[in-house]
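Below: the structure, in structure tokens.
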Amino acid sequence: EIAALIGSASQTAHPDHSLLATSPARLRRIGGCCVLCASAFLALWYTHTPDGGNMTQPRVSAAAVVTLIDPGSSGAEHRIAGDDCEDRWYNMACDPRDDCHTCGDRFTYLHDEKGLSWEAARKQVAEHLPNQCKTQRYNLACKGSECFSCGDRIRWMTTHGNKNNKEAHMAVGSDFSDSCGACAADACAHDWDRRACNWNQTSKKMHCSPCGERITYLEKKWKIKRDQAKILVGGEFPHECGGCAPPVGPEGDYQEVWIDQFDDSSGKVDTEKWRHVHLGNGFGNEEKQYYTPRQVNSWVEDGKLKIRAKRETYQSMSYTSAKLESKKSFLYGRFSARVNLAKCLSKGTWPAVWMLPDGETRDGTGHYGPWPSSGEMDLMEHVGFDAGNMFATAHTKEFYFKIGTQIGKTKYVDPNTWHTFWLDWRPDMLNFGVDNESFLVFRRMSETNKNFWPFDKPFYIILNLAVGGSWAGYHGIDAGSFDGDGQVMEVDWVKVEQKAWQQASTTPSPTSTTAARPAPPAPNKAGCYFWSPAKSAVAECGGPFTDWTRDAWGEKHKESGESKAKCLARKDGHDAHCKIKSTWIFVAESSALQPGCYYKQPSKSAECGGPFPDWNRDMWGETNKGSAASESKCLARKKPHDMHCDTDTTWKFVTGGGSSMQPGCYYKQPSKTVECGGPFPDWNRDIWGEKNREAGAGESK
């Protein structure tokens, strides 16, 4: 009874979740026939806590009480072996048989409902779900008759023993090597209290926090697992918190697939490889330059590309510069550029080597929506007022600078010499570096949530030199330094290397947990879908499935199709049974439909076909009767349609501007034209008009 009480109370009492969180009075109330146990427990509490049993700092573990009840147990029979000493109580552990629960909830269930001791419960869960719940932290570490968990002993040393986190782990791991040996070698524990600093673009200040605080903060903010938070922090701060992230692994076996060494004797930029941006609208950052294709702003000389920003009035802007975009886009690989910034270090300069998702508008809008939803990768950014600090950053919808959550890191190098900035982009990782050193690793947090990881579509390369703006102009612009020769960014070469599987984009990455091949276009009907480019070794599973395949079995047995959660929960069970890696997606009914008039037809019609269990678009009615013009016209189609087809249907009208359409300017065109193509029965985006600023900026335009 005491152990059960301790277990229920401990869930919110303490990070180690094996400490007592109750009072002597409450324990005495459950005394009765258990009075001997209660008295023994209280004696142990007062004997073994250095603060004389102070109730505000309870120190006795549930394990100790269990040991009193069963004096013959030292926990050895339930000892967990391994090389992990992390707290895994809150880790989410998913099992296809019983859905997802935290390790702590699983421990508690086996103890409370199945009658297992705490040690037996933890042992059973760790063996069944080793990747999520296996740790030595909860092993009993006994000295004579005193038994406490490894975690309890570490925590006591940090709060009462005047030891930091690393020293406590080392001491407990050394003193109790059989039970807690992994704690001495826990690299993340050694980095837990080390301070990691980064520049906050929102506050314009350097922000410093211990690695452990950063990990805990990300766990709570994003509701992610401890392992995921450790990977993010360890990757963002490899020198301070690198022990918390797994090693990157070798790049190796790259082949050069694209390069520009800027050796054209004509002095002109190679227009077969690059396009010039001719625009100056602030670019969302209040930048002061107008980008031009003129040779005065970008040219080739002595085997180097020169990009010059200079002060002059042009198209109502006060400065001109150049921005080059690679005409070719790439999916995965190693991207590098050798750059010298010695001649563009004045206040107000903002040179960059970066990448954006390819798309029709090339304005940051990609497969997953407008910036930052489709991602951005910055190999190098530098601002003149902070000379030498090079910034590498990854932006997504959940991680970007305007909300202060961007994944980024600075690295100081001598700005007066040449440096090679590079990015190793894999399906599950972005590794940024300069010269021979990696200084930022961002690992994929989710295989399905593109708000966290949109980096599975082709990106193109950008070289530019901006002037001023909300960041580079924060301390003003040294306007005079842009006169005469101006400020010049120099680039020796830009190179793209890929492995064979990246060039083909058809085979999985050796280091990835999912297929490297880009996902096919999303299905246009509601339901639960999966795809996998490989064939399953299990005969009944078949494959490969190179297009989205509906999970007919799961929907039939009501295990998927009803919700995104149920659909995605099917993945683990399916992959385990079929011994294969697959990608799953849930398409909601509302988001699957473009604006128009639709109907469902449960039975087959001799003349009109069917059945149509999903929404079927009334193409004939829209073309001949204008059924998409209004809800009344759409619904009025039901009666004549049903009479003609001798069937019974359900009709639905979907309005424009729904979640399936990106913000912009659209038109429909019922007929074909020689020059402009068509017909366009669905809404067609006015890309040309938006690009040339004749549409998209407002309803009137």
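Which strands (runs of 3 or more DSSP E) does region 393-461 wholly contain that include 3 or more residues that are touching a Lys or Arg at 6+ places or on another chain (Cβ under 7 Å) and within 23 Å of Gly242 (Cα to Cα)?
419-426
Among (1) buried (at least 20 other Cβ atoms within 10 Å of the Cβ); (2) touching a residue at least 60 places away in the same chain (Cβ under 8 Å), where does Gly369 come up short?
Looking at each condition in turn, Gly369 falls short on (1).
Which ones in region 568-589 are at pLDDT below 75 and out of contact with any strand residue (DSSP E or B) (no Cβ under 8 Å at 6 or more places or on another chain)?
If the condition is that a residue be at pLDDT below 75 and out of contact with any strand residue (DSSP E or B) (no Cβ under 8 Å at 6 or more places or on another chain), then Ala588 is the only one that fits.
Any chance region 375-391 includes a residue that's within 26 Å of Cys208 (Cβ to Cβ), part of a strand (DSSP E or B), open to solvent by less than 20 Å² (accessible area, probe 1.4 Å) and among the small types (Gly, Ala, Ser)?
no
Of everything in region 392-419, what is more than 19 Å from the chain's Cα centre (by Cα) and surrounded by fewer than 17 Cβ atoms within 10 Å (Cβ to Cβ)? Give them in sequence order.
Listed by number, the residues that qualify are Tyr412, Asp414, Asn416, Thr417, Trp418.
Regarding Gly53, is this residue assigned to a loop (DSSP other than H, G, I, E, B), more than 39 Å from the chain's Cα centre (by Cα), modelled with pLDDT of 80 or more and not charged (D, E, K, R)? Steps first, please.
Details: assigned to a loop (DSSP other than H, G, I, E, B): yes; more than 39 Å from the chain's Cα centre (by Cα): yes; modelled with pLDDT of 80 or more: no; not charged (D, E, K, R): yes.
When the stated conditions are applied, Gly53 does not pass them.
Could you please let me know if Ala352 is within 17 Å of Val413 (Cβ to Cβ) and open to solvent by less than 10 Å² (accessible area, probe 1.4 Å)?
Yes: the conditions hold for Ala352.
Cβ contacts < 6 Å: first residue over 19 Å from Pro595 (Cβ atoms), restricted to region 628-643; second residue among the basic types (Lys, Arg) and open to solvent by less than 90 Å² (accessible area, probe 1.4 Å), any location; separation 6+ or different chain. Result?
none
Can you tell me how many residues within region 118-129 are assigned to a helix (DSSP H, G or I) and either under 30 Å from the mean Cα position of the chain (by Cα) or surrounded by 24 or more Cβ atoms within 10 Å (Cβ to Cβ) (or both)? Before you say what the answer is, go through the steps one by one.
If we filter region 118-129 for residues that are assigned to a helix (DSSP H, G or I), which is where we start, we get 118-128.
If we keep only those that are either under 30 Å from the mean Cα position of the chain (by Cα) or surrounded by 24 or more Cβ atoms within 10 Å (Cβ to Cβ) (or both) too, we end up with 118-119, 122, 125-128.
So the answer is 7.
Answer with yes or no whether Gly364 is buried (at least 19 other Cβ atoms within 10 Å of the Cβ), more than 17 Å from the chain's Cα centre (by Cα) and farther than 18 Å from His419 by Cβ.
So Gly364 passes the test.
Somewhere in region 674-683, is a residue in a strand (DSSP E or B), in contact with a helix residue (DSSP H, G or I) (Cβ under 7 Å, 6 or more places away or on another chain), modelled with pLDDT of 75 or more and closer than 29 Å to Pro370 by Cβ? Show your work before the answer.
So in region 674-683, the residues in a strand (DSSP E or B) come out as 677, 680-683.
With the extra rule that they be in contact with a helix residue (DSSP H, G or I) (Cβ under 7 Å, 6 or more places away or on another chain), the set shrinks to 681.
Applying the additional criterion that residues be modelled with pLDDT of 75 or more yields none.
The answer is no; no qualifying residue exists.
In region 562-585, which residues are in a loop (DSSP other than H, G, I, E, B), open to solvent by less than 30 Å² (accessible area, probe 1.4 Å) and under 25 Å from Asp614 (Cα atoms)?
If the condition is that a residue be in a loop (DSSP other than H, G, I, E, B), open to solvent by less than 30 Å² (accessible area, probe 1.4 Å) and under 25 Å from Asp614 (Cα atoms), then Ser582 is the only one that fits.
With respect to Cys183, is the statement that it is in contact with a Gly (Cβ under 9 Å, 6 or more places away or on another chain) and hydrophobic (A, V, I, L, M, F, W, C) true?
yes
So which helices (runs of 4 or more DSSP H) stay within region 130-214 end to end and still have 3 or more residues that are open to solvent by 80 Å² or more (accessible area, probe 1.4 Å)? Show your work before the answer.
Numbers: elements: 130-133, 150-160, 165-175, 177-184, 187-191.
Those helices (runs of 4 or more DSSP H) span 165-175.
Filter region 276-286 down to the residues that are in a strand (DSSP E or B) and at pLDDT below 95 and list them by number.
Result: Leu279, single match.
Residues checked against (1) in a strand (DSSP E or B); (2) buried (at least 16 other Cβ atoms within 10 Å of the Cβ):
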{"position": "Asp263", "(1), (2)": "no, no"}
{"position": "Gly267", "(1), (2)": "no, no"}
{"position": "Val300", "(1), (2)": "yes, yes"}
{"position": "Arg311", "(1), (2)": "yes, yes"}
{"position": "Thr320", "(1), (2)": "yes, yes"}
{"position": "Phe335", "(1), (2)": "yes, yes"}
{"position": "Arg338", "(1), (2)": "yes, yes"}
{"position": "Lys343", "(1), (2)": "no, yes"}
{"position": "Lys347", "(1), (2)": "no, yes"}
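Run Tyr400 past the list (1) modelled with pLDDT of 95 or more; (2) in contact with a Pro (Cβ under 6 Å, 6 or more places away or on another chain) and report the number of the one that doesn't hold.
(1)
Looking only at residues in region 427-452 that are free of Cβ contacts under 8 Å to residues at least 60 places away in the same chain and open to solvent by less than 10 Å² (accessible area, probe 1.4 Å), which one is nearest to Glu376 (Cα to Cα)?
Of everything passing the filter in region 427-452, Leu430 is nearest to Glu376 (Cα to Cα).
Kindly indicate which of Pro508, Pro544, Pro520, Pro533 is at pLDDT below 90, out of contact with any Pro (no Cβ under 8 Å at 6 or more places or on another chain) and either open to solvent by 10 Å² or more (accessible area, probe 1.4 Å) or farther than 30 Å from Phe612 by Cβ (or both). Quick ask: steps written out before the conclusion?
Values: Pro508 fails: out of contact with any Pro (no Cβ under 8 Å at 6 or more places or on another chain); Pro544 fails: out of contact with any Pro (no Cβ under 8 Å at 6 or more places or on another chain); Pro533 fails: out of contact with any Pro (no Cβ under 8 Å at 6 or more places or on another chain).
Matching residue, one of Pro508, Pro544, Pro520, Pro533: Pro520.
Any chance region 478-495 includes a residue that's at negative phi, modelled with pLDDT of 80 or more, in contact with a Gly (Cβ under 8 Å, 6 or more places away or on another chain) and assigned to a loop (DSSP other than H, G, I, E, B)?
yes
Somewhere in region 331-342, is a residue out of contact with any strand residue (DSSP E or B) (no Cβ under 7 Å at 6 or more places or on another chain), modelled with pLDDT under 95, over 20 Å from Asn281 (Cα atoms) and not polar (S, T, N, Q)?
In the first step, residues of region 331-342 are kept if they are out of contact with any strand residue (DSSP E or B) (no Cβ under 7 Å at 6 or more places or on another chain); the result is 331, 342.
From the residues that got through so far, the ones that are modelled with pLDDT under 95 too are 331.
From what's left, over 20 Å from Asn281 (Cα atoms): 331.
Adding the requirement that they be not polar (S, T, N, Q) leaves 331.
For region 331-342, residues out of contact with any strand residue (DSSP E or B) (no Cβ under 7 Å at 6 or more places or on another chain), modelled with pLDDT under 95, over 20 Å from Asn281 (Cα atoms) and not polar (S, T, N, Q): present.
Please count how many residues of region 328-351 are touching a His at 6+ places or on another chain (Cβ under 8 Å) and among the aromatic types (Phe, Trp, Tyr).
1
The values are calculated or read from the model by the stated rules, or taken from the named source; none is laboratory data. Small disclaimer: the values here were computed from a predicted structure and weren't measured. For neighbour counting, all protein chains shown are included, and Cβ atoms are generated from backbone atoms with ideal geometry for every residue, glycine included. Surface areas here come from the heavy atoms of the whole protein model, side chains and all, with no ligands, DNA or RNA. Shrake-Rupley method; radii C 1.70, N 1.55, O 1.52, S 1.80 Å.
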